[in-house]
Amino acid sequence: MLLEQVEYVRPETVGDALEILASDDGAAPLAGGQSLVNVLKNRVASVDVLVDISRLAELSSIARTADGGLSIGACVTYDALDRSPEVRASHWILGDVAGHIEDQQIRNKGTIGGNCCLSDPTNNLPPILVALGAVMELRSRSGERSVPAADFFKGYFATALEPGELLVSITVPPMPEHSGAGYASLAVGADAKALVRAAARVTLDEGGTTIAESCLVLARVAHVPVRDAEAEARLSGADATEEAVRAACAGVADGMQPIADVHGSSEYRRQMAKVMARRAVVQAIAAARGSRNGSTAGGK
Amino acid sequence: MGERGTSHSVTVEVNGEKVSRIVAARQLLVHFLRDTLGLTGTHIGCDTGNCGACSVIVDGKLVKSCMILAPQVDGSTIETVESLAQDGALSPLQESFHEHHGLQCGYCTPGMLMSATYLLRQNPEPTDEEIRRGIRGNVCRCTGYVNIVEAIREASRGQATGRRSAHAAAGEEV
Ligand SMILES: Cc1cc2nc3c(=O)[nH]c(=O)nc-3n(C[C@H](O)[C@H](O)[C@H](O)COP(=O)(O)OP(=O)(O)OC[C@H]3O[C@@H](n4cnc5c(N)ncnc54)[C@H](O)[C@@H]3O)c2cc1C
Ligand code: FES
Ligand code: FES
């Protein structure tokens, strides 16, 4: 397809990229291009200059933070996350979720930063990043700021990014002791887009029998990932058993008005959210007990 | 900083040959390969990143060439389906597609072959499950995939006999 006329530039430093983004309203960062190129084909957004950030070394590394967490460059691809021994060692689930996005071609190009900045409600990474308590590190010509993932996703294709601002990296805190994460999706076919997803992180007490604390995030129920605080409250102090989790998850999404679309009604999504939440929490408990932090067994 | 503009000079190595061209920033890699370089082995199907017919290998990574702009690949090494056969002899993978009837109309085949080539480099002895995941991004409307999976599996086991390629190399009818 012939795209509209557009300028392209590949800056050599993040500073140069920020300069162009600040000085030109029509400039947009080009990361993996796995959404933006289609946006250009469909002409749903008009871009005057594509600022190719995908080869910037500063945005492409995965580093261990001093406290044992991860600092992941915005342009790290899904495939790199999937294959990273660092990611697998401390946040196994993040590699696993990334390794089940769509297909190999898309995983070789798509980036963690692009996946978040697009804020497509069907994207796989936002809910798990919210559950893991990730922080988005933003930079513009005028400075830097950190925004928790929970506050970054503002709506359907909308984020906290200001014009001229770039997501440079994502900081993922270390998993506390006795904790694990889970991720469950209702999808038709392996690695497909999901109707409903749940991501969970739980911390067990020392004995491993009771849930001390949890974070339960639902996706595709609203246009952004949402925490179910009521379910989290029911989970705290509950036995770390499937029956107790089932009981605590029976009321998941009850206070919410899930979206309805051609893929599922509001009520169907509510019921499925309960099932996905239970599966994600049960996985998280198993992961907390096992050596692997954040293992998953179910659909992605 | 690289030049900013609506056209760019691009130098790439395609199937072992170095080429330089001036391209429009808006040109898709698939059109650069097919229209500018005349390498029509790479097909274009959906033009939306869904079908995989346009799959090629750029710097060792399998990608969909309809989802990349030509200026993005400056300095890269590109492999297309034309790189597989050597001196008129089909590669063992191509041979296996032929023997196991891994194609009907052939529209998806260039992309399937590149996805399978990439998969077998990463994982020389894939399970059927791994083969299916490896070609998940490639749609085939004809075969029902069974014979494609079989062709890739048998190629991975070195089961293709190479009969056809030997004949083809000798210029014989097959
Ligand atoms: C057929 C198909 C199926 C797909 N299925 C799935 C799926 O099931 N699940 C899923 O999660 N994704 C899926 N994707 C989308 C894919 O994951 C994209 O890679 C992702 O949405 C965007 O990431 P990107 O790196 O390609 O970004 P781009 O397409 O380059 O950019 C996306 C947007 O984010 C902006 N942006 C990118 N990086 C930054 C940054 N660092 N700072 C500020 N702004 C930035 C861009 O300007 C643009 O507006 C699919 C894509 C295709 C083509
Ligand atoms: S033509 Fe590129 S994926 Fe279909
Ligand atoms: S052989 Fe016809 S699409 Fe695959």
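Among A:VAL262, A:VAL245, A:VAL172, determine the one that fluctuates most according to a GNM of chain A built with springs between C-alpha atoms less than 10 Å apart.
Answer for the Gaussian network model of chain A: A:VAL262.
Using r as the Cβ-Cβ distance of A:ALA229 and B:THR77, and R0 as 56 Å, what FRET efficiency do you calculate, to the nearest 0.05? Spell out each step's value before the answer.
Values: r = 51 Å, r/R0 = 0.92.
Plugging the Cβ-Cβ distance into 1/(1 + (r/R0)^6) gives 0.65.
Residue by residue, what Karplus-based ³J(HN,Hα) values in Hz, rounded to whole numbers, does the range A:219-224 have, using 6.51, -1.76 and 1.60 with θ = phi - 60° and x for Gly and Pro?
The phi angles translate into 10, 6, 9, 10, 6, 10 Hz.
By counting other Cβ atoms within 10 Å of each Cβ, how are B:SER20, B:SER83 ranked from fewest to most?
Fewest-to-most ranking of B:SER20, B:SER83: B:SER20, B:SER83.
Provide a whole-number value for the mean count of partner chain Cβ atoms within 10 Å of the Cβ atoms in peptide B:65-75.
Mean shielding by partner chains, rounded to a whole number: 5.
What value, in deg cm²/dmol to 500, does the helix sum -39500 (n - 2.57) over DSSP H runs of n ≥ 4 give at 222 nm once divided by the residues of chain B?
-8000 deg cm²/dmol
Could you put A:TYR268, A:TYR78, A:TYR156, A:TYR183 in order, starting from the residue whose Cβ has the fewest other Cβ atoms within 10 Å? Before the final figure, lay out the partial values.
On the way: A:TYR268 15, A:TYR78 28, A:TYR156 12, A:TYR183 31.
Taking fewest neighbouring Cβ atoms as first place, the list is A:TYR156, A:TYR268, A:TYR78, A:TYR183.
Whole-Hz Karplus ³J(HN,Hα) for the range A:239-252, in order, using 6.51 cos²θ - 1.76 cosθ + 1.60 and θ = phi - 60°, x for Gly and Pro?
Computed from phi, the couplings for the range A:239-252 are 5, 8, 10, 4, 4, 5, 5, 4, 5, 5, 8, 4, x, 4 Hz.
Antiparallel DSSP bridges in chain B: what percent, to the nearest 5?
Antiparallel bridges: around 90 percent, rounded to the nearest 5.
Starting from the Cα-Cα distance between A:SER142 and A:ARG64, subtract it from 0.36 nm times their residue separation and give me the gain in nm to one decimal.
Fully extending the segment from A:SER142 to A:ARG64 adds 25.4 nm.
From other protein chains only, count the Cβ atoms within 10 Å of every residue's Cβ in B:53-61, then give the mean. Mind dumping the intermediate values first?
On the way: counts 0, 1, 3, 1, 1, 2, 1, 1, 7.
So the per-residue partner count for this stretch is 2.
Just add up the charged neighbours of B:THR117: K/R +1, D/E -1, any other residue whose Cβ is under 14 Å from the Cβ of B:THR117.
Around B:THR117, the charge tally is -1.
Starting at the first residue of the range A:78-86, write each ³J(HN,Hα) from the Karplus equation 6.51 cos²θ - 1.76 cosθ + 1.60 with θ = phi - 60°, in whole Hz, x for Gly and Pro.
4, 5, 5, 5, 4, 9, 6, x, 4
Need one number: nm distance between label points at A:ARG55 and A:THR13, each 7 Å from Cα along Cα→Cβ, rounded to one decimal.
1.8 nm
Amide H neighbours of B:LEU69 under 5 Å, counting only residues 5+ apart in sequence or on other chains, H built in-plane at 1.01 Å?
Hits under the 5 Å cutoff: B:LEU29.
Between B:THR36 and A:LEU2, what is the label-point separation in nm under the 7 Å Cα-to-beta-carbon projection?
Taking the simple label geometry, A:LEU2 and B:THR36 are separated by 1.6 nm.
Could you give the length gained on full extension between B:SER20 and B:THR127, defined as 0.36 nm per residue of separation minus the Cα-Cα distance, in nm?
34.5 nm
So for A:LYS109, B:LYS18, A:LYS274, B:LYS64, fewest C-beta neighbours within 10 Å to most, what's the order?
Arranged by neighbour count, lowest to highest, A:LYS109, B:LYS18, A:LYS274, B:LYS64 become B:LYS18, A:LYS274, A:LYS109, B:LYS64.
Only Cα pairs within less than 10 Å get springs; with that Gaussian network setup on chain B, which residue of B:VAL19, B:VAL56, B:VAL73 has the largest fluctuation?
Of the options given, B:VAL19 has the highest mean-square fluctuation.
Would you please give the FRET efficiency between A:GLU267 and B:CYS105, computed as 1/(1 + (r/R0)^6) with r the Cβ-Cβ distance and R0 = 41 Å, to the nearest 0.05?
0.40
Quick check: the distance between the Cα centres of the range B:1-73 and the range A:44-113, to the nearest angstrom?
23 Å
Rule-based calculations on the coordinates, nothing more; no lab input. These figures come from a predicted structure and were not determined experimentally. Glycine also receives a Cβ, built like all others from the backbone with ideal geometry; neighbour counts cover every protein chain displayed.
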